[in-house]
Amino acid sequence: MAGSGGQGGGAGDLQGAGPGQGTALRAPRAPLALIALLLGAYCLFALPGRCPSVARTPAPVPAPAEPLHASRRLGAPGLPVASGPGRRRFPQALIVGVKKGGTRALLEFLRLHPDVRALGSEPHFFDRCYDRGLAWYRGLMPRTLDGQITMEKTPSYFVTQEAPSRIHGMSPDTKLIVVVRNPVTRAISDYAQTLSKTPGLPSFRALAFRHGLGPVDTAWSAVRIGLYAQHLDNWLRYFPLSHFLFVSGERLVTDPAGEVGRVQDFLGLKRVVTDKHFYFNATKGFPCLKKAQGSGRPRCLGKSKGRPHPRVPEAVVQRLQAFYRPFNRKFYQMTGQDFGWD
């Protein structure tokens, strides 16, 4: 079961929230104009925006593996090469969700594999940039050789109504990876990320509930994203369950090699990324990658990963746990996996 976060990091940070502290449930009063200003700033950071500018970034050095045939060696991984080997292809696999679940960590772990080529930034094609066309989208992808897999990750796809049909239109054979996490700690992590960009935001409690401690406000994206069963219902209209792999954000912290092993199996890849590639960073509270061959030091995710969570009253956490419980149980039934959130 999840608690609130006083010391924990974000879900995308791969870190759970710690036990809740504090007892006051009354919201502080503030002038209406100030509240409106802060909510406007929150919307600026939290709601879907314009089509982003996508940069092709170099991929990390692949993990040591069996020597590749000379014809398969690549020059600068992830960079566009006009006359280089391979060709740009549509992704065969997508990490489609969820925000603050651990998607960035999973992508970085997978990019160690010599047969995975992934776009580093989030293109947001199937939610914000679809009008640019499939040719534009394919042009963003790194070049791959036969036997290599092209991937990208955009966590907002999972909660975008149009995304399943659009991805199915690109290829009905696309493999879909969803990293999920206890929806309560995920929501707190989501709020912590926004709070870091918008200091003075109303309290988590004020945003999560209508009229004080009234009904849970499912219009708030931080709450709505955690209704995994509802979102999955939409996807199953277009893809069979066999096309999905559901990764536990919690186990990605406690057993990264095991979860990444499951992903490699799902993608039909040899298990190249193993426990020898990870170590646990006690300061950040989640796994980091041991230094790659030719690299000077180990690699952890950026400073924004592992940020402290604001303290949330235990009564608020318990209310949200009770709210999510039936949705979680339905999600367990749909996926055939018990993620242990209840």
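Things to note:
- Separation of the Phe280 and Ala257 label points, Cα + 7 Å toward Cβ, nm: 1.3 nm
- Taking a straight line from the alpha carbon of Lys100, these aspartates and glutamates sit under 12 Å away, with near neighbours fewer than eight places off in the same chain left out: Asp13, Asp190, Glu250.
- Extension gain (nm, one decimal) between Leu145 and Glu314, 0.36 nm per residue minus Cα-Cα: 55.6 nm
- Gap separating the Cα centres of the range 216-280 and the range 98-159, nearest whole Å: 15 Å
- Per-residue extension of 0.36 nm, minus the Cα-Cα distance of Ala135 and Lys197, leaves a gain of 18.9 nm for this segment.
- Proximal aspartates and glutamates to Lys175, defined as alpha-carbon separation beneath 20 angstrom and excluding residues fewer than eight positions away on the same chain: Glu108, Asp115, Glu122, Asp127, Asp146, Glu152, Glu162, Asp233, Glu259, Asp265
- Two-site label geometry, Arg87 and Asp338: point separation in nm, points 7 Å out along Cα→Cβ: 4.9 nm
Values quoted throughout were computed directly from the atomic coordinates according to the rules given, and no laboratory measurement underlies them. The shown structure was predicted, so the numbers you read here are calculated from the model rather than taken from an experiment. Positions of Cβ are generated from backbone atoms using ideal geometry, with glycine treated the same way; all protein chains shown enter the neighbour counts.
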